[in-house]
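*Asks:* Dropping a structure here in structure tokens format, bear with me for questions.
Any read-out appearing in this document is the output of simple, stated calculations on the displayed coordinates, not a laboratory observation. Since the model is a prediction, treat every value here as computed from it, not as a measurement. Here the Cβ positions follow ideal geometry from the backbone for every residue, glycine too, while neighbour counts run over all protein chains shown.
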Amino acid sequence: MLSQNLALNPFALDVHRGLSHSPKSLPCKYFYDAQGDALFQQIMTLEEYYLTRCERENFLTQKQHILDLFYGDRQPFTLVELGAGDGSKTKILLDYFLSQAVDFVYAPVDISENILTHLTETIQADLPHLTIAPIQGDYFHTDFLDHDLSRRKILLFLGSTIGNLSDQETDDFLQNITRNLDPGDLIMLGFDLMKDPQIILRAYDDAQGVTRAFNLNLLERINRELEGDFQLDHFQHCPIYHPLTGEAQSYLVSTCTQTVTLNKLSQSYIFEAWEAIHMETSRKYSRKQIKQLAEQHHFRVLHTFSDQREYYVNSVWQKLAV
């Protein structure tokens, strides 16, 4: 029964693997059910969560420079946004590109059907002249990059999402991207920079407890979809930051010895008191590391845009001929 359920349900398989492993972990990509989407929208408005405001500032102040990099040669392009979310920041660029009569197609990619449907409806209402080709799926699978070979490809990977990947996942992701881009194609990535550790830590431990609720919501999702019996009040949200590695990590810590059962899988998992579940890593980068990462994967850094406080950058890379 277990193997049959797991074969049919990638979510169940990933949860089972994560809770069976030592140390325990859960993939952060599963944060984003309908409730998780709503909570993350709240997080992006929090005073402590500076990342969204910084990226928005970059787009508002540098949109002409970004357009020059994307469309200076007047070649039509497909703008593929990986993990598009609600698209609120990207709409700054989309609206400006339309006002400048840029010939492009917007292809947002997101794992969440709920958020992708909402984004498509909002875009069609606010920007009716924009050609949009939404793609639901995991952006680690890049077959969709072949869907329109007549146009140059420009990828967006925003929100410092690259910081959520392990070193191996980052290498795998960029190698996959490199294989699916042609020389001259572009990618613009968002990177959160290393800075005062207290500023970073507060971004993942807000006073209102929204980030705590966002993490606990994944346990609630497991309860709902896998018939689990997680007791949310028996877990404590614990964010930490490592200034040597630049990694901000979020954990849920079991406050007592307990057993959690997932009835849909007929499986139980024992938690010792103060045992942690790793929920997410959000890595911060130096400018030197960004340049090294680009060169390692056969890209040239064309330009790196920063907000006024030097908290966050958007870096535009061009694929080189290998």
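*Asks:* Below 14 angstrom from the Cβ of residue 100, what's the summed charge of the other residues (Lys, Arg +1; Asp, Glu -1)?
*Replies:* -1
*Asks:* For residue 159, list long-range residues whose amide hydrogen, built 1.01 Å from N in the peptide plane, is under 5 Å from its own amide hydrogen.
*Replies:* Residues meeting the amide H criterion: 190.
*Asks:* Calculate the dipole size of the chain relative to its Cα centre from +1 charges on Lys and Arg beta carbons and -1 charges on Asp and Glu beta carbons; express the result in debye to the nearest 20.
*Replies:* 700
*Asks:* Step through the table entries 195/291; 63/153; 288/319; 153/288, compare each Cα-Cα distance with 23 Å, and write down the pairs that go over it.
*Replies:* Going by Cα-Cα distance, 153/288 fall outside the 23 Å limit.
*Asks:* Using the 10 angstrom Cβ neighbour count as an exposure proxy, how do 284, 24 rank, fewest first?
*Replies:* Ordered from fewest to most neighbouring Cβ atoms within 10 Å, 284, 24 come out as 24, 284.
*Asks:* Okay, moving on. So which GluC sites (Glu not before Pro) in the range 78-171 are both in a DSSP loop and have at most 15 other Cβ atoms within 10 Å of their Cβ?
*Replies:* Passing both the DSSP loop test and the Cβ count: no residue.
*Asks:* May I pose another question? Can you give the extra length, in nm with one decimal, that the chain gains between residue 263 and residue 105 once fully stretched, where that is 0.36 nm per residue apart less the Cα-Cα distance?
*Replies:* Result: 52.4 nm gained on full extension.
*Asks:* Simple spin-label model, 7 Å along Cα-to-Cβ: residue 201 to residue 232 in nm?
*Replies:* Label-label distance for residue 201 and residue 232, simple model: 2.6 nm.
*Asks:* Still on this model: Can you find, among 21, 207, 101, the residue farthest towards the positive end of the dipole of the chain? Put +1 on the C-beta of Lys and Arg, -1 on that of Asp and Glu.
*Replies:* Result: 101.
*Asks:* Using a Gaussian network model of the chain whose springs link C-alpha atoms within less than 10 Å, name the residue from 37, 95, 110 with the highest mean-square fluctuation.
*Replies:* It is 95.
*Asks:* Moving on. Given the options 269, 139, 312, which has the most mean-square fluctuation in a GNM of the chain, springs set between C-alpha atoms less than 10 angstrom apart?
*Replies:* Its mean-square fluctuation being the largest, the pick is 269.
*Asks:* From the convex hull of the Cα coordinates of the range 92-240, what is the mean projected area in square nanometres?
*Replies:* 12.4
*Asks:* Got a sec? How would 90, 45, 61 order by Cβ neighbour count within 10 Å, fewest to most?
*Replies:* 45, 61, 90
*Asks:* Within the range 269-322, list the GluC sites (Glu not before Pro) lying in a DSSP loop whose Cβ has at most 11 other Cβ atoms in a 10 Å radius.
*Replies:* Filter output for the range 269-322: 272, 310.
*Asks:* Kirkwood hydrodynamic radius of the chain from all distinct Cα pairs, in Å?
*Replies:* Over the chain, the inverse of the mean reciprocal pair distance is 20.8 Å.
*Asks:* Which loop trypsin sites (Lys or Arg not before Pro) in the range 26-86, with loop taken from DSSP, have no more than 11 other Cβ atoms within 10 angstrom of their Cβ?
*Replies:* Taking the range 26-86 and a limit of 11 other Cβ atoms within 10 Å, the loop trypsin sites (Lys or Arg not before Pro) found are 74.
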